[in-house]
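*Asks:* Here it is, the structure, as structure tokens.
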Amino acid sequence: MLNMKTAKCSCNVMNPISERQQYEINLVVHQDEIFRYQLLSRMKMDCEYFLGFGNMVEKYLWAGSVQLQIAYMKAIWNSFPKDGKPEWLTMRQIERYERRMAQ
């Protein structure tokens, strides 16, 4: 059985996230691989929209805030094995989103 208290996100975000948010991230990270790929893709599209036609309005982000969106994306990306990381998104790109979206 998975112990959610000890299963920590290895994500480095600008602002700390709450214990409740960490718990919710852990629930997502432990879903099946297909779900995580699909969610990460959706979150990437949300970032693109947020930075473009979304006029940097956080309500258009799946997670509801820049801080939480990036935390989820980093945790999901890190949840894949080294040889199973998405080719269409790198950690460097997620960090770039983080910097651009925090402005």
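*Asks:* Quick one: in the range 81-101, of everything that is part of a helix (DSSP H, G or I) and among the basic types (Lys, Arg), which residue is farthest from Glu48 (Cα to Cα)? Talk me through it step by step, then tell me what you get.
*Replies:* Our first condition is that a residue be part of a helix (DSSP H, G or I); within the range 81-101, this holds for 82-84, 91-101.
With the extra rule that they be among the basic types (Lys, Arg), the set shrinks to 82, 92, 96, 99-100.
Values: Lys82: 25, Arg92: 15, Arg96: 11, Arg99: 13, Arg100: 10 Å.
Looking at residues that are part of a helix (DSSP H, G or I) and among the basic types (Lys, Arg), I get Lys82.
*Asks:* Do we have any residue at all in the range 17-29 that's assigned to a loop (DSSP other than H, G, I, E, B) and modelled with pLDDT of 95 or more? If you could, list the steps in order and put the result at the bottom.
*Replies:* First, pick out the residues of the range 17-29 that are assigned to a loop (DSSP other than H, G, I, E, B): 17-18.
Filter once more, keeping what is modelled with pLDDT of 95 or more: none.
No, every residue in the range 17-29 fails to be assigned to a loop (DSSP other than H, G, I, E, B) and modelled with pLDDT of 95 or more.
*Asks:* Residues being of a type in the set (Phe, Trp, Tyr), assigned to a loop (DSSP other than H, G, I, E, B) and exposed (fewer than 13 other Cβ atoms within 10 Å of the Cβ): count how many of those fall in the range 30-69.
*Replies:* Keep residues of the range 30-69 that are of a type in the set (Phe, Trp, Tyr), which gives 35, 37, 49-50, 53, 60, 62.
Restricting the remaining residues to those that are assigned to a loop (DSSP other than H, G, I, E, B) gives 53, 62.
Next, only the ones that are exposed (fewer than 13 other Cβ atoms within 10 Å of the Cβ) stay: 53.
So the count comes out to 1.
*Asks:* Quick check on the range 56-69. Is at least one of its residues touching a residue at least 40 places away in the same chain (Cβ under 8 Å), farther than 12 Å from Met101 by Cβ and under 11 Å from the mean Cα position of the chain (by Cα)?
*Replies:* Checked the range 56-69: no residue is touching a residue at least 40 places away in the same chain (Cβ under 8 Å), farther than 12 Å from Met101 by Cβ and under 11 Å from the mean Cα position of the chain (by Cα).
*Asks:* Can you confirm whether the range 29-36 contains a residue that is in contact (Cβ under 8 Å) with a residue 24 or more places away in the chain and more than 21 Å from Met91 (Cβ to Cβ)?
*Replies:* Taking the range 29-36 as the starting set, the residues that turn out to be in contact (Cβ under 8 Å) with a residue 24 or more places away in the chain are 29-30, 33, 36.
Retained after the next criterion (residues that are more than 21 Å from Met91 (Cβ to Cβ)): none.
No.
The values are calculated or read from the model by the stated rules, or taken from the named source; none is laboratory data. The structure displayed is predicted, hence computed values, not measured ones. For neighbour counting, all protein chains shown are included, and Cβ atoms are generated from backbone atoms with ideal geometry for every residue, glycine included.
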